[in-house]
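First the structure, in the form of structure tokens, and then the observations on it.
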Amino acid sequence: MTLNRMWLRGLAGLVIIFVFTCSVTIAHTYSTGPEKGKLVLTGGDLETGLKEFVTFAGGPDANIVYIPTAASILRLPSGLIWELKDADELPANTPEFKAELCKMFGIKTITILHTRSRKIANSEDFVKPLRRAQGVWISGGNAGRISQAYLDTLTQRELEAVLARGGVIGGNSAGAIIQGSYTIRGNPNKPVLMAKGSERGFAFLTNVAVNPHLSEAMRQNELVTILDTHPQLLGIGIDEKAAIVVTGDSFQVIGNGRVAIYDNTNHDGNWFYWLDTGQSFNLRTRSIE
């Protein structure tokens, strides 16, 4: 083999490696939403986004499932306190809690679905309510509790099925975090920002990390740290009274707060920029619509 032919073969090999590397990089620099159905992610306020969620689910007669597994104690705007212990048994005041939830959501009935057992979460009997659900709401609390119980189980598959048949999944605080592909503060036993081994979410939003309570908890710089370690991610920070409604690969900001976008790019001295109520954002192009 002549020296020129060897050089050309080597050059061709380098070109193939370069093209492959670039294609892999490009493949991981966009995000997506669900092909069907809708998502409602709120920054933490218990009432923001509920009206839109119920409308998407079909109105007051809709079949709604409520998953409180992230929580230990839930305090509703009415003042009712519902304490959920580590056991699977629901508290004695669950009928009152369900009645208050129905008032909050503006619906007639609601089903509570809860377990901390992966075995139960993987059972046919447990997921039956999800197969009838038009909408599912995931409560606040600790996102790590959700992933410990439901990640990679039949429950997660049935949640995906809710979206596949055109339903809606909503969530506040931890219930918003878990809908992304990366879970912030995913270890329920230790409040660290990045918990190795506990970082996966349901990935209804791919290549996305969600951070609620953004301004109120002064978390504006947390997603900067996340993206410095995981630059392929898109960070979405949501203020307490804001929410995003995701349809396909885009979302719209609703509520009375703002949403911050983190794309690992410096924007006039800041590593994020703001979206206001009414603005829309394309996940795939990572740009304002």
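The values are calculated or read from the model by the stated rules, or taken from the named source; none is laboratory data. The model shown is predicted, which means the values in this text are computed figures rather than measured ones. Here Cβ is always computed from backbone atoms with ideal geometry, including for glycine, and neighbour counts include all displayed protein chains.
Does Gly166 satisfy being assigned to a loop (DSSP other than H, G, I, E, B), surrounded by fewer than 17 Cβ atoms within 10 Å (Cβ to Cβ) and under 23 Å from the mean Cα position of the chain (by Cα)? Yes: the conditions hold for Gly166.
In a residue-by-residue description of segment 190-198, the property of being in contact with an Asp or Glu (Cβ under 8 Å, 6 or more places away or on another chain), surrounded by fewer than 23 Cβ atoms within 10 Å (Cβ to Cβ) and within 17 Å of Ile238 (Cα to Cα) applies to at least one position. Taking (1) modelled with pLDDT of 95 or more; (2) surrounded by 16 or more Cβ atoms within 10 Å (Cβ to Cβ); (3) farther than 28 Å from Phe281 by Cα in turn, Glu52 satisfies each apart from (3).
I'm checking my understanding of the structure. Among residues of segment 172-188 that are under 11 Å from Ile226 (Cβ atoms) and assigned to a loop (DSSP other than H, G, I, E, B), which one is nearest to the chain's Cα centre (by Cα)?
We begin by selecting, within segment 172-188, every residue under 11 Å from Ile226 (Cβ atoms); these are 180, 182-185.
Right, trim to assigned to a loop (DSSP other than H, G, I, E, B) and you get 183-185.
On the way: Thr183: 8, Ile184: 10, Arg185: 13 Å.
Result: Thr183.
Yes or no, residue by residue, for (1) of a type in the set (Phe, Trp, Tyr); (2) more than 29 Å from Gly37 (Cα to Cα); (3) touching a strand residue (DSSP E or B) at 6+ places or on another chain (Cβ under 9 Å):
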residue: Gly180; (1), (2), (3): no, no, yes
residue: Pro191; (1), (2), (3): no, yes, no
residue: Ala195; (1), (2), (3): no, yes, no
residue: Phe202; (1), (2), (3): yes, no, yes
residue: Val224; (1), (2), (3): no, yes, yes
residue: Lys241; (1), (2), (3): no, no, yes
residue: Asp249; (1), (2), (3): no, no, yes
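Name the residue that is nearest to Ile178 (Cα to Cα), counting only residues in segment 72-90 that are touching a helix residue (DSSP H, G or I) at 6+ places or on another chain (Cβ under 8 Å) and among the hydrophobic types (A, V, I, L, M, F, W, C). Please lay out each step first, then the result.
Pass one, segment 72-90, residues touching a helix residue (DSSP H, G or I) at 6+ places or on another chain (Cβ under 8 Å): 74, 76-78, 80, 82, 88.
Then drop every residue that is not among the hydrophobic types (A, V, I, L, M, F, W, C), which leaves 74, 76, 80, 82.
Numbers: Leu74: 18, Leu76: 21, Leu80: 25, Trp82: 22 Å.
By that ranking, first place goes to Leu74.
If you go through segment 60-76 and keep only what is surrounded by fewer than 19 Cβ atoms within 10 Å (Cβ to Cβ) and either among the β-branched types (Val, Ile, Thr) or more than 23 Å from the chain's Cα centre (by Cα) (or both), you end up with Pro60, Asp61, Ile73. Identify, please: which residue in segment 216-229 is of a type outside the set (D, E, K, R) and either surrounded by 18 or more Cβ atoms within 10 Å (Cβ to Cβ) or touching a Cys at 6+ places or on another chain (Cβ under 6 Å) (or both) and is, among those, farthest from Leu193 (Cα to Cα)? Looking at residues that are of a type outside the set (D, E, K, R) and either surrounded by 18 or more Cβ atoms within 10 Å (Cβ to Cβ) or touching a Cys at 6+ places or on another chain (Cβ under 6 Å) (or both), I get Leu227.
Conditions tested, residue by residue: (1) more than 28 Å from Gly166 (Cβ to Cβ); (2) charged (D, E, K, R).
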| position | (1), (2) |
| --- | --- |
| Met218 | yes, no |
| Thr229 | yes, no |
| Thr247 | no, no |
| Ile254 | no, no |
| Arg258 | yes, yes |
| Tyr262 | yes, no |
| Thr265 | yes, no |
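If the condition is being out of contact with any strand residue (DSSP E or B) (no Cβ under 8 Å at 6 or more places or on another chain) and at positive phi, then segment 265-289 contributes Asp268, Gly269.
Inspect all residues belonging to segment 251-274 and state whether any of them is touching a Gly at 6+ places or on another chain (Cβ under 9 Å), β-branched (Val, Ile, Thr), farther than 15 Å from Val210 by Cα and buried (at least 18 other Cβ atoms within 10 Å of the Cβ). Yes, that holds for at least one residue.
In the condition set (1) under 21 Å from Asp88 (Cα atoms); (2) touching a Gly at 6+ places or on another chain (Cβ under 6 Å), Thr183 is compliant with all but (1). For segment 13-36, the criterion of being over 21 Å from Leu283 (Cβ atoms), loosely packed, with under 13 Cβ neighbours inside 10 Å and modelled with pLDDT of 50 or more is satisfied by at least one residue.
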